1. Just to check I understand the Karplus step: with θ = phi - 60° and J = 6.51 cos²θ - 1.76 cosθ + 1.60, what whole-Hz values come out for the stretch 79-89, glycine and proline as x?
2. Mind computing the radius of gyration and Dmax over the alpha-carbon atoms of the stretch 119-163? Å is fine for both.
3. Show the residues, 5+ positions off or on another chain, whose built amide H is closer than 5 Å to the amide H of V72.
4. Put +1 on the Cβ of every Lys and Arg and -1 on every Asp and Glu Cβ in the stretch 78-179; which of G123, A87, G137 then has its Cα farthest towards the positive end of the dipole?
5. For a quick check of understanding: with a 1.4 angstrom probe and all protein chains in place, what accessible area in square angstrom does L119 have, to the nearest ten?
6. Once amide H atoms are built 1.01 Å from N in the peptide plane, which residues 5 or more positions from V143, or in another chain, come under 5 Å H to H?
7. Residues with amide H under 5 Å of W93's amide H, sequence separation 5 or more or different chain, H placed in the peptide plane at 1.01 Å from N; which?
8. With 5 Å bins from zero, work out the P(r) of the stretch 33-72 over every alpha carbon pair and list the percent per bin.
Amino acid sequence: MTDSPCPTTTAVEWDQRYRTLADKLPDGTPSAALVTEVGDLPPGTALEIGCGVGADAIWLAGRGWRVTALDVSRVALDRAEARSRQAGIEVDWTCARLEDLALPPNGFDLVTAHYPALLHSPGQDAERALLAAVAPGGTLLVVHHADVDVEKAKSYGFDPADYLGHDDVVELLGDGWDV
């Protein structure tokens, strides 16, 4: 497992979520969107942002991808690593924020982020890191929640406006991207 400094507040919050919601965690089934959109792509290098307990990363690695799976929660990554070990599948589990990751010079053939908690910042750090992670000719798959009830989210202490959303990602993509 690779470690970078995880942001203290964010890491603590996500660790707590994974500790208290253990019985509600995903069952290890990969995302239907991932299976549908990536299932026919030839394997290469993949970066999964916000991998949680690792179902998508394990699925990709089981199909020949060289996967770096990223999350800020040590609790989630420990569970993911145990699952991959049990399945006999190798994944590079990395504790870091995307913005803090030392990206390879040519990026990844596939970058996937499901419901990413990428914060807006004055320097657009998350936005720049997200696009820089994708290799030329690579694939970016970002899945967001549809029809978010903003007031309900705020009642849980989460303001969707603080995070990179679907429209933000689409706005980042220039002429060099096939959508």
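1. Coupling constants for the stretch 79-89: 5, 4, 4, 4, 5, 5, 4, 4, 7, x, 10 Hz.
2. 13.8, 41
3. A96
4. Value computed over the given set: A87.
5. 70
6. Amide H neighbours of V143: A113, H114, Y115.
7. T2, A69
8. Values per bin, smallest distances first: 6, 27, 37, 22, 7, 1.
The values are calculated or read from the model by the stated rules, or taken from the named source; none is laboratory data. Remember, it's a predicted structure, so these values are computed and weren't measured experimentally. So basically every Cβ, Gly included, is an ideal-geometry build from the backbone, and we count neighbours across all protein chains shown. Surface areas here come from the heavy atoms of the whole protein model, side chains and all, with no ligands, DNA or RNA. Shrake-Rupley method; radii C 1.70, N 1.55, O 1.52, S 1.80 Å.
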